[in-house]
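Novice: Take this structure first; my questions come after.
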C-alpha cells in the first residue's frame, strides 16, 4: 500500500529493492515468528482454542499486524507491495510499470528468505529440543494443504488473493475513499486477519508467493524434512494460486467499481487508482 506523500518523491531501483526486502523481512519475522511461538511453545496440557500462549487466533492476529508493520517500513519508498501477487496485479492493470517487477519480486523473495532464517536463528535452541530431526516443523515456514490434490488449494488461494487485491484497491483508490490513506496500513492488516480467519484452513492462507516460497526455500536449505518442496509439488499451489487470484481480484474491482468511479469523476480531471510508485 502506498504511503502519503509518495507522489512527490522518486527513488532509485536499488532503494525500492531494499525497501521491499526489508518490509517483507519484517512481515516474515512477525508472521513466521508467531507460528514458531505456537508450535514450539504449546500449552501443556493442550488448551482447546488457547489464546494466551498460542493457537490459531494468535496466528491470525499476528500475521495481520505483521502486514501493518511491513507496510510502515516500506510504504514511502516502494509502496510496500511485499507480495509478488500485488506487484503482478498492479502491473497487469496499468498501475505499476512492468520494468520494475523484477527488482520488486527479487526483494520480496530475498527478504522472506532472510526473515525466515532470522526466526530460525532466534528459536534455534528451542528447536533442537522440540524437533531435533527437523521432521515435523516445516509448517512454521510454509503452508500445506488440508485436502490432497491441486484444485482444492488452488481455488482457495485464488479466492483468498482475489479478496486481498480487490479490497486493497478499494482501500487505496482515492476516488472510492478519499480520506482512507492514513488508516490504510491498519485496514489492510485487518483484511489479512479476516482472510486468515475465514479462509485459513484449506491451505494456510499464503495469499503471497514470497511469503510461502522464500521461507520454504530456507527450510530446504536448513535441512527440514517434509518441506513440501523436496520431492513434492505442494509448493506450486501457494505460488501460482495467488498470482492468478491477485490479477482476478484487480480485474473484478476495475470492472465493477473502478470503472464506474473513473467515469463519475472524469469531468473533474482526477486520476484513477494509480499506484504512486508508477513514475517514469
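What follows is calculated from the coordinates using simple rules that are stated; it is not laboratory data. Bear in mind the structure is a predicted one, so any value in this text is a computation, not a measurement. Every residue, glycine as well, gets a Cβ built from its backbone with ideal geometry; the counts of neighbours run over all protein chains shown.
Novice: Buried (at least 24 other Cβ atoms within 10 Å of the Cβ) and under 21 Å from residue 151 (Cα atoms): is that true of residue 248 in this structure?
Specialist: no
Novice: Could you say whether any residue in region 194-201 is closer than 22 Å to residue 255 by Cα and surrounded by fewer than 19 Cβ atoms within 10 Å (Cβ to Cβ)?
Specialist: no
Novice: Now for a separate question. What are the residues in region 173-189 that are surrounded by fewer than 15 Cβ atoms within 10 Å (Cβ to Cβ) and touching a residue at least 12 places away in the same chain (Cβ under 8 Å), if any?
Specialist: 182
Novice: I'd like the residue in region 88-101 that is within 18 Å of the chain's Cα centre (by Cα) and over 18 Å from residue 170 (Cβ atoms) and, out of all such residues, is surrounded by the most Cβ atoms within 10 Å (Cβ to Cβ).
Specialist: Ranking the candidates gives 88 first.
Novice: OK, next. Taking region 243-256 as the region of interest, how many residues are within 21 Å of residue 173 (Cβ to Cβ) and under 16 Å from the mean Cα position of the chain (by Cα)?
Specialist: Residues in region 243-256 being within 21 Å of residue 173 (Cβ to Cβ) and under 16 Å from the mean Cα position of the chain (by Cα): 5 in total.
Novice: Scan region 131-148 for residues that are surrounded by fewer than 16 Cβ atoms within 10 Å (Cβ to Cβ) and in contact with a helix residue (DSSP H, G or I) (Cβ under 9 Å, 6 or more places away or on another chain) and report the count.
Specialist: Residues in region 131-148 being surrounded by fewer than 16 Cβ atoms within 10 Å (Cβ to Cβ) and in contact with a helix residue (DSSP H, G or I) (Cβ under 9 Å, 6 or more places away or on another chain): 3 in total.
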